[in-house]
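Since the structure comes first, as structure tokens, the remarks are kept for the end.
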Amino acid sequence: MPSKGVEPLQVVWFKRDLRVVDHQPLLQASRAGAVLPLAVIEPQLWQQADASGRQWEFCAESLGELRAALALLGQTLVVRIGPVEEVLERARTQFGIAALWSHEETGNGWTYARDRRVAHWARQHAIPWIEIPQFGVIRRLGSRNGWARRWEERMAEAITPAPEALHPLAGIAPGAIPCAADLGLREDPCPQRQRGGRQEALALLESFLIERGARYHRELSSPRTAFSSCSRLSAHLTWGTLSMRELVQAGRRRRDALKALPAGQRGEWLRALRGFDERLHWHCHFIQKLESQPDLEFRELHPLTAESEACDPEHLAAWAEGRTGLPFVDACMRALIATGWINFRMRAMLMSVASHHLNLPWRQSGLHLARLFVDYEPGIHWSQCQMQSGTTGINTIRIYNPIKQGQDHDPDGQLLRRWLPELRRVPLVHLHEPWTMAAISQERLSCVLGIDYPRPIVEPTVAAREARERLWARRQQQGFDELADAIQDRHGSRRSGLSGGRSGARRRRGSENDDQGEIQLGLDLS
């Protein structure tokens, strides 16, 4: 039973919303009574196959800043470790819980099941659980029609201020923020990882809107320029140190201020910011897919694209470690391993090569990438994994040419020489295809293929042709087009004015044009 004379508490459960500004559950709970700000660290969540130490370190840094911000309001963050239902039950019996407050979350399959258990616990004890949307994803969405308008309405809402003060709670130990080892996470070196926390997010936002983003629309596709020209805010959106609403409104304020300047002083800013705004729409568009169909994390969106789960472990390991013998692929993978981030086009290429050239199951390669991404967002990630693997049934098949991608986006080889030091002496004429060097040249340059750097594990042209044949054979199956039209009706974007159904003949010819620009837009806001 709750302690006598103690009013039941308003419990605010922080999940991936680690901020006090634009946090409606926190503000509303503070108006209803004394607030217990609670973060529950669940070891079982961090043992899932898509979790990693680099993600936890970013989260822990953000929790530390959140704790400091809440302390300034009067009541520090309370951290507990264990299953959330058990933590809530202890709070209920010790203090009493008047209501549980949180943001809605579209997470992975584990958090979905966990939230269902929490909902059952709350009903069992007649405790209201108030969940509030934090961006444009809509629960129990019946139709995509009108979705973009509703997104705009949410983004136009006023930014919620932090509470003026929180009533301090006596006798409740704050609890320590655990380290990665406490959660059973293995060592995960990521020397160039971004730091977490709201102050870092605000600094990134300012530098992007005032300086770095001037050529965003031109420089987001190349890993040579994307590390500085992209906003780099994707991890902060994932962990909620900034809200989507804050980003949208800040970008539009900057755009309006630029419009007031003479045309000669604007540069290309208006186009850059328009592109960034569009990508914020796409962020929620993809997460909506997982919200509407949670099993797309595990099952092919189009059932007739399913293939054997057989996986070549040597191919998977070579791809995962950046030693496929395809230089641009290996350089991008090694950059990702070291930084926890890479731009969207290179994410798409890595997934495409894994799925098509190496014929790896999308779920296996997708899990590896999920662990490497500090900004891993399940809704975006699994939608993109399926899209790049050709399992949605509604998107144009794209098989990236890894040689051409390198020549286009790293023409002078700076990226390759940085991340593949074993190739540093190879002349540019051979750098993107080192297997074209004569054996005597390899010895002279101390880059002997098969010893200093791997030979290609596949012949890229042959592998691409075989993949194309596999993919189009799937699309010739009876009933494929009818199922694809139903998927388009459920998940396709309406912003381009497209109708739901499309001609099966057009899809068979490869001219499907469902979510225009998705391939290019998906994660480039990061």
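The values are calculated or read from the model by the stated rules, or taken from the named source; none is laboratory data. Here the structure is a predicted model, which means the values were calculated and not measured. Please note: Cβ atoms are built from the backbone with ideal geometry, for glycine as well, and neighbour counts cover all protein chains shown. Side chains included, ligands, DNA and RNA excluded: accessible areas come from the protein's heavy atoms. Shrake-Rupley method; radii C 1.70, N 1.55, O 1.52, S 1.80 Å.
Of all residues in segment 252-294, count the ones that are assigned to a helix (DSSP H, G or I) and either of a type in the set (A, V, I, L, M, F, W, C) or without any contact (Cβ under 8 Å) to a residue 12 or more places away in the chain (or both). Break it down stepwise before answering.
Of the residues in segment 252-294, the ones assigned to a helix (DSSP H, G or I) are 252-259, 263-266, 269-292, 294.
Subsequent filtering for residues that are either of a type in the set (A, V, I, L, M, F, W, C) or without any contact (Cβ under 8 Å) to a residue 12 or more places away in the chain (or both) retains 253, 256-259, 263-266, 269-270, 272-273, 276, 280, 282, 284, 286-287, 290.
Qualifying residue count, segment 252-294: 20.
Among residues of segment 143-202 being open to solvent by 80 Å² or more (accessible area, probe 1.4 Å) and closer than 18 Å to residue 374 by Cα, the one that is nearest to the chain's Cα centre (by Cα) is 195. Name the one entry in 51, 71, 34, 29 that is open to solvent by 10 Å² or more (accessible area, probe 1.4 Å), aliphatic (A, V, I, L, M) and in contact with a strand residue (DSSP E or B) (Cβ under 9 Å, 6 or more places away or on another chain). Exactly one of 51, 71, 34, 29 is open to solvent by 10 Å² or more (accessible area, probe 1.4 Å), aliphatic (A, V, I, L, M) and in contact with a strand residue (DSSP E or B) (Cβ under 9 Å, 6 or more places away or on another chain), namely 34.
Here residue 280 clears all of (1) farther than 19 Å from residue 381 by Cβ; (2) open to solvent by less than 10 Å² (accessible area, probe 1.4 Å) except the condition numbered (1). Listed by first and then second residue, the pairs linking a residue in segment 45-58 that is under 14 Å from residue 187 (Cα atoms) to a residue that is among the acidic types (Asp, Glu) and open to solvent by 20 Å² or more (accessible area, probe 1.4 Å), with Cβ atoms under 6 Å apart and 6 or more places separating them unless they lie on different chains, are 52/188; 53/188; 54/188.
Among the residues of segment 252-275, count how many are closer than 14 Å to residue 211 by Cβ and in contact with a Leu (Cβ under 7 Å, 6 or more places away or on another chain). Lay out the reasoning, then the answer.
First pass over segment 252-275, keeping only residues closer than 14 Å to residue 211 by Cβ: 254, 258, 267-269, 272-273.
Of the ones still in play, those that are also in contact with a Leu (Cβ under 7 Å, 6 or more places away or on another chain) are 254, 258, 269.
Qualifying residue count, segment 252-275: 3.
If only residues of segment 409-431 that are among the charged types (D, E, K, R) and touching a residue at least 60 places away in the same chain (Cβ under 8 Å) are counted, the one that is farthest from residue 192 (Cα to Cα) is 410.
Looking only at segment 210-224, filter to residues that are closer than 13 Å to residue 275 by Cβ and part of a helix (DSSP H, G or I); which one of those is most open to solvent (accessible area, probe 1.4 Å)?
Within segment 210-224, the first condition is being closer than 13 Å to residue 275 by Cβ, and the residues that meet it are 213-221.
Remaining after also requiring part of a helix (DSSP H, G or I): 213-219.
Values: 213: 1, 214: 30, 215: 104, 216: 0, 217: 43, 218: 132, 219: 41 Å².
Result: 218.
Within the span defined as segment 301-324, one or more residues are open to solvent by 10 Å² or more (accessible area, probe 1.4 Å), under 19 Å from the mean Cα position of the chain (by Cα) and at pLDDT below 95. Annotation for segment 220-236: at least one member residue is in contact with a Cys (Cβ under 9 Å, 6 or more places away or on another chain) and either farther than 30 Å from residue 407 by Cβ or not small (Gly, Ala, Ser) (or both).
Being within 20 Å of residue 69 (Cα to Cα) and polar (S, T, N, Q) is the filter here; which residues of segment 154-196 pass it? Correct list: 160 only. The set of residues in segment 225-251 being within 24 Å of residue 13 (Cβ to Cβ), in a helix (DSSP H, G or I) and in contact with an Asp or Glu (Cβ under 7 Å, 6 or more places away or on another chain) consists of 234, 235, 238, 245, 246.
Here residue 286 meets the list (1) touching a Phe, Trp or Tyr at 6+ places or on another chain (Cβ under 7 Å); (2) closer than 29 Å to residue 224 by Cα; (3) at pLDDT below 95 almost entirely, failing just condition (1).
Summed over segment 242-267, the residues that are open to solvent by 60 Å² or more (accessible area, probe 1.4 Å) and not polar (S, T, N, Q) give a count of 10. Looking only at residues of segment 94-136 that are assigned to a strand (DSSP E or B) and small (Gly, Ala, Ser), we find that the one that is surrounded by the fewest Cβ atoms within 10 Å (Cβ to Cβ) is 98.
Among the residues of segment 163-170, is any under 14 Å from residue 9 (Cα atoms) and part of a helix (DSSP H, G or I)? Even if it seems obvious, please write down each step before you answer.
Here is the first cut: in segment 163-170, the ones under 14 Å from residue 9 (Cα atoms) are 166-170.
After this cut, where a residue has to be part of a helix (DSSP H, G or I) as well, the list is none.
Checking segment 163-170: not a single residue is under 14 Å from residue 9 (Cα atoms) and part of a helix (DSSP H, G or I).
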